[in-house]
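The values are calculated or read from the model by the stated rules, or taken from the named source; none is laboratory data. Since this is a predicted model, take the numbers as computed values, not measurements. Don't worry about glycine lacking a Cβ; one is built from the backbone with ideal geometry, like all the others, and counts go over all protein chains shown.
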Amino acid sequence: MIGRFLAALVASALCIAPLSAQVARGYQPQDEDERGLWMVMDEYERELQASNFVIRDPALNAYVNEVFCRIAGDQCEDVRIYIVRTPYFNASMAPNGVMQIWSGLFLRARNEAQLAAVLGHEFTHYRNLHSLQQFRTVRDRTNVMSFLGIGLFVAGGGLLATAGQLAMIGSLFAYSREMEREADSESVRLLAEAYYDPSAASRVWTQLIAERGAREEERGRRDRGEDAIFGTHPLSAERMADLQVRAERFGAEGETYRARYQAMLAAHWQDLIDDQINLNDFGATEHLLESLASDGWTSELYYARGELYRARAQTGDIETSTRYYRAVVDRQPDFALAWRGLGYALLRLDRTEDGQAALRRYLELAPDAEDAPMASMLTGVTP
C-alpha cells in the first residue's frame, strides 16, 4: 500500500495545475456575482427537494454518498446529492454544492469505480469554481436569469426534460477544454488516492461514445436528450487516450467493486430498464444490453431484451420477444414479469390460449401487481 501511495504522489506531480484557486471546506461565495448565482441555485434546490422525481430510497442515497465521500474526503459534507429519475446519463454540480445525478447513469456505469470517476469529475468542476467562471462567460452573451428559468435542474418538470431544456443545460455548462482537462486529470488522481481502479475514468466515457455510435447508426442522427452529457463533456478519441495514459501513471492496482455496485442496483433495476425502454431508442438500448451482458446473459437481461423487442413491435419483433421471455422462464420459472411479457406477446400473436395461460401464471406469482386487474380481464378471470 505504501508503494502505491508513493506512486500516486509521483503521478500527481504530472497533473495539470488548477485554473483557479480551489474551494476549501465550508466555502462561501466571495463576491456579488457568486452570491447571485448561489441564490438562484438555492431556489432550484428548494424546488428539487419537493420534486416527485427525486429518488429518495435511503439505501441508494447512502451508497452514493459513501462513494462520493471516499472521493471528496471531508469536503463531501458541503455537497448535497440528489438522484433524479431521468433515463439519460448525466451528472452536474452547482456552485452552492448541489450535485444532481440522473438515474440513467447507473445503467451505464459498470461498477463502483466508474460511478466514482463521474463523481470525481463533477466534484473537480465544483471545487475549482468552473461553473462560476462559465457563468461569467455566458452572462456577457445572454440573459442568464431567463436562461436559467428553463429549469436548469429539471426540478419541477416531468420524468423527461424537453430537448430544449437539455440543450440549454449543455450550453450553460459547456466547460472549456482546459476545464475538462483539469476535471479529467483530477478524477483519475482522486480514483487512485481512493484505491479505485484509475482506468475507470477512461472506460466509462469510452462506453458512452460506443452507445452514441449505436444510436447514430440506428437513427442516422444524434438524440438531443443524450447529447446533454456530450454538450457538457465533449468526448474524443484523443481525450480518451489521455485519460488512459494518466491512469497508467498510477499503475494497474485498484478496485472496481462491481459486485457491490450490482447489489446496490438490484432494487432499482426494473425501474431503470423500464425507463430506458420507454425512450424508444432501440439501437442504443440494444447496445447497452449487449454491453451489460459482456459476462453472460442473465435472466434480467433476457427479460429486458424481450421487453425491448415487444415495445418496438416491428415485423418479427413480437416473435423474437417470446424467445427471450421463454429463455427467462426456462431458467427461472418464478420470474413473474417474464410470464407477463410472454402472455402479452402471445396474445398479440393471436395465440390466445397460450397467452392466457402465461398471464395466469403471472397472477399466481404476483397477485398484488398493479396491473393485476388488467391481466385478469385478459384471462377472463375476475381478480
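For segment 292-336, give me each residue that is among the hydrophobic types (A, V, I, L, M, F, W, C) and surrounded by fewer than 22 Cβ atoms within 10 Å (Cβ to Cβ). Give the derivation first.
So the first thing to find is which residues in segment 292-336 are among the hydrophobic types (A, V, I, L, M, F, W, C), and the list is 292-293, 297, 301, 304, 308, 311, 313, 318, 327-329, 335-336.
Within segment 292-336, LEU292, ALA293, TRP297, LEU301, ALA311, ALA313, ILE318, ALA327, VAL329, PHE335, ALA336 meet the criteria.
Just one of the listed residues (ASP242, ASP227, ASP275, ASP317) is under 30 Å from ALA183 (Cβ atoms) and either outside the structural domain of ALA183 (by TED's automatic domain parsing) or at pLDDT 95 or above (or both), and it is ASP275. Taking segment 239-268 on its own, how many of its residues are among the β-branched types (Val, Ile, Thr) and touching an Asp or Glu at 6+ places or on another chain (Cβ under 6 Å)? Count: 1.
Please go through segment 73-102 and pick out each residue that is more than 21 Å from MET41 (Cα to Cα) and touching a residue at least 60 places away in the same chain (Cβ under 8 Å). Show your work before the answer.
To start, the set of residues in segment 73-102 that are more than 21 Å from MET41 (Cα to Cα) comprises 73-74, 87-89.
Correct list: PRO87, TYR88, PHE89.
Count, please, the residues in segment 337-375 that happen to be part of a helix (DSSP H, G or I), surrounded by fewer than 17 Cβ atoms within 10 Å (Cβ to Cβ) and not charged (D, E, K, R).
Within segment 337-375, the first condition is being part of a helix (DSSP H, G or I), and the residues that meet it are 337-348, 352-365, 372-375.
With the extra rule that they be surrounded by fewer than 17 Cβ atoms within 10 Å (Cβ to Cβ), the set shrinks to 348, 352-354, 357, 364-365, 372-374.
Now narrow it down to the ones that are not charged (D, E, K, R): 352, 357, 365, 372-374.
Within segment 337-375, residues that are part of a helix (DSSP H, G or I), surrounded by fewer than 17 Cβ atoms within 10 Å (Cβ to Cβ) and not charged (D, E, K, R) number 6.
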